[in-house]
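Novice: Let me begin by handing over the structure; questions about it come next.
The values are calculated or read from the model by the stated rules, or taken from the named source; none is laboratory data. Source: prediction; values computed, not measured. Heads up, the Cβs are rebuilt from the backbone with ideal geometry, glycines too, and the neighbour counts pull from every protein chain shown. Accessible surface areas use protein heavy atoms only, side chains included; no ligands, DNA or RNA. Shrake-Rupley method; radii C 1.70, N 1.55, O 1.52, S 1.80 Å.
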Amino acid sequence: MQFPLIHLNGTCSDDLLANQCDIARALRDALEVMAANGPNARDYYPLEAGAWERAREQHTARLSAIKAVLADVERMAEYLAAGPHDQLEMRKAQ
């Protein structure tokens, strides 16, 4: 992951962190809504065999993709919340 370098001519770290927190909140909200609104077998039984299972697998894959994005956003937020010394170590470790 490419972390930003916090410096005087760039965006302040508080704003960068607030942005990542806003994104994380929106992703968590999306996950909650998606989890509550997965495919219902009643909407698929008139179709061919396995249609509901495929729909469920695809829904699960979409949830997993959003969870992966959320993990990246949380990792960026952790970096931004860290002090300069820890940020340097995190950049070296990438």
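Novice: What span do the alpha-carbon atoms of the chain cover on each of the three principal axes, reported in whole Å from largest to smallest?
Specialist: Its Cα atoms span 61, 24, 17 Å along the three principal axes.
Novice: Just read off the accessible area of residue 16 with the full protein assembly in place, 1.4 Å probe, to the nearest 10 Å².
Specialist: Counting only protein heavy atoms, the figure is 40 Å².
Novice: Can you pull the percent of the chain's accessible area that's carbon plus sulfur, 1.4 Å probe, other chains left in place?
Specialist: Values: 3670 of 6680 Å².
Here it works out to 55 percent.
Novice: Still on this structure, I have one more. For a quick check of your reading of the filter: which trypsin sites (Lys or Arg not before Pro) in the range 28-89 sit in a DSSP loop and have no more than 11 other Cβ atoms within 10 Å?
Specialist: Working: sites: 28, 42, 54, 56, 62, 67, 75; in loops: none.
Answer in residue order: no site qualifies.
Novice: Can you work out ³J(HN,Hα) from phi for every residue in the range 55-63, in order, using Karplus 6.51 cos²θ - 1.76 cosθ + 1.60 and θ = phi - 60°, giving whole Hz and x for Gly and Pro?
Specialist: Listing the rounded values in order: 4, 5, 4, 5, 5, 4, 5, 5, 4 Hz.
Novice: Follow-up. Might you report the magnitude of the Cβ-based charge dipole of the chain about its Cα centre, with Lys and Arg at +1 and Asp and Glu at -1, to the nearest 20 debye? All intermediate terms of the calculation are to be shown ahead of the outcome.
Specialist: Working: 10 positive and 14 negative charges, 44 e Å.
Dipole magnitude for the chain comes out near 200 debye.
Novice: Per DSSP H run of n ≥ 4, the term is -39500 (n - 2.57); total these for the chain, divide by its residue number, and report the mean residue ellipticity at 222 nm rounded to 500 deg cm²/dmol. Write down the numbers at each step before the final one.
Specialist: Details: 3 runs with 65 residues, N = 94.
Mean residue ellipticity, 222 nm, calculated: -24000 deg cm²/dmol.
Novice: Okay, next question. Extending each Cα 7 Å along its Cβ direction at residue 89 and residue 8, get the distance between those two points in nm, one decimal.
Specialist: Calculated label separation equals 2.8 nm.
Novice: Could I ask something else about it? Please give the length that would be gained between residue 15 and residue 41 if that part of the chain were fully extended, namely 0.36 nm times their separation in residues minus their C-alpha to C-alpha distance (nm, one decimal). Please list the in-between numbers first.
Specialist: Working: separation 26, 0.36 × 26 = 9.36 nm, distance 4.43 nm.
Length gained, residue 15 through residue 41: 4.9 nm.
Novice: Determine the per residue accessible area of the chain with all protein chains present and a 1.4 angstrom probe, expressed in square angstrom.
Specialist: Details: 6680 Å² over 94 residues.
Each residue of the chain exposes 71 Å² on average to a 1.4 Å probe.
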